[in-house]
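Here the structure comes first, spelled out in structure tokens, and everything after it is commentary.
The values are calculated or read from the model by the stated rules, or taken from the named source; none is laboratory data. Model, not experiment: these values are computed from the prediction. All Cβ positions, even for glycine, are placed from backbone atoms using ideal geometry, and neighbour counts span all protein chains on display.
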Amino acid sequence: MYIFRLAFIEAQLTDAFIQFKNHYGFEVQVCNPRKGNEKGSVENKVGYIRYNFFTTSPVMNSYEDFTETLRVQLEKDRQRLHYEKEVLIEDLWNEEKKYLLELPVEDYPVFKEIEAKVNKYNEAKLDNTLIHIPKASNYPFIYFIVTWDKYKAVSPDGEILFEDFRPYMNKKRAIPWISIFKDWIRKPRAVSYSRYKKYLPGRINEYLLVEDLVVRKERLIEIVNLLVTHDIKRINEDFYDLITGNNENPFGLDWNEYDALAPTGGEQS
């Protein structure tokens with residue numbers, strides 16, 4: 001006769017989850033392995049949301065806008081009777097929230113760290129998108145500290161090089177023109193095939209397309225000096241005054257040739 005003794009091992013929570021639990025002050029009830037029925041109530045509520053509010057793909061302008069739309073829909077949904085208690089869900093909620101803990105003032109910082117290689121154009125890849133990070137090429141690699149909507153680009157020494165929304169948020173992002181122009185000054189030939197060329201305002205774009213690389217470098221330096229006190233849209237709008245300054249057309253240009261119909265530039269989406 002054989003006797004089998006089953007050993008029950010207590011679930012081990014990760015340090016990150018324990019910190020998350022302590023921050024919000026909730027207790028944990030761990031389910032058993034392969035026992036989906038133990039959390040059936042939660043799964044049913046997820047299914048209710050999916051089948052009632054996502055029957056078709058939602059149309060959304062942004063995540064923030066969609067979150068607000070869903071919040072309004074769910075508040076309206078509380079005006080129905082509970083399937084078992086025959087009481088308005090709104091009334092049950094108002095009674096239950098008296099016993100809930102207050103949420104902390106600060107959200108728990110949920111993030112992930114990703115190591116990324118840097119190419120010679122100060123670019124690193126995040127979410128399958130190349131992102132220009134000023135001074136990134138000074139390092140063989142950098143770290144992206146990412147949350148669900150934003151990122152920080154950090155050097156191996158811990159310096160924050162850049163921060164912005166993640167690419168899939170479809171937010172317009174200011175282009176770091178000074179850093180890009182400084183890269184172009186070192187490699188004037190790169191202007192013609194740079195992926196940032198299409199974002200240059202029309203007059204500046206034409207001004208920099210001169211074939212003489214020595215002249216192109218001089219013009220890049222000129223624009224960089226202006227970017228210290230003006231944004232690129234302002235330089236484009238006041239192009240004739242800012243470029244010539246007190247000199248009378250130092251390059252002998254016909255200014256009318258640079259009034260190409262082109263977007264004002266300065267941002268990328």
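Values as computed for the structure displayed
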{"read-out": "Helices (runs of 4 or more DSSP H) wholly inside region 1-112 that include at least 3 residues being at pLDDT below 90 and farther than 30 Å from residue 165 by Cβ", "value": "40-53"}
{"read-out": "Failed condition for residue 108, given (1) over 28 Å from residue 10 (Cβ atoms); (2) surrounded by 10 or more Cβ atoms within 10 Å (Cβ to Cβ); (3) of a type in the set (Ser, Thr, Tyr)", "value": "(1)"}
{"read-out": "Any chance residue 165 is touching a strand residue (DSSP E or B) at 6+ places or on another chain (Cβ under 9 Å), hydrophobic (A, V, I, L, M, F, W, C), surrounded by 17 or more Cβ atoms within 10 Å (Cβ to Cβ) and not assigned by TED's automatic domain parsing to the domain that holds residue 234", "value": "no"}
{"read-out": "Residue match in region 46-68 (condition: farther than 30 Å from residue 154 by Cα and in contact (Cβ under 8 Å) with a residue 60 or more places away in the chain)", "value": "no"}
{"read-out": "Those residues of region 192-206 which are under 18 Å from residue 231 (Cα atoms), touching a helix residue (DSSP H, G or I) at 6+ places or on another chain (Cβ under 8 Å) and touching a residue at least 12 places away in the same chain (Cβ under 8 Å), in sequence order", "value": "196, 200, 201, 202, 203, 204, 205, 206"}
{"read-out": "Residue within region 164-184 that is under 26 Å from residue 62 (Cβ atoms) and hydroxyl-bearing (Ser, Thr, Tyr) present", "value": "yes"}
{"read-out": "Residue check for residue 162: over 20 Å from residue 194 (Cβ atoms) and part of a strand (DSSP E or B)", "value": "no"}
{"read-out": "Among residues of region 165-190, those that are part of a strand (DSSP E or B) and in contact (Cβ under 8 Å) with a residue 24 or more places away in the chain, counted", "value": "2"}
{"read-out": "Candidates 96, 90, 86 - the one that is on the phi > 0 side of the Ramachandran plot and more than 22 Å from the chain's Cα centre (by Cα)", "value": "86"}
{"read-out": "Flag if residue 130 is closer than 27 Å to residue 199 by Cα, outside any loop (DSSP other than H, G, I, E, B) and either in contact with a helix residue (DSSP H, G or I) (Cβ under 6 Å, 6 or more places away or on another chain) or outside the structural domain of residue 199 (by TED's automatic domain parsing) (or both)", "value": "yes"}
{"read-out": "Residue within region 207-220 that is surrounded by 17 or more Cβ atoms within 10 Å (Cβ to Cβ), touching a residue at least 40 places away in the same chain (Cβ under 8 Å) and not assigned by TED's automatic domain parsing to the domain that holds residue 130 present", "value": "yes"}
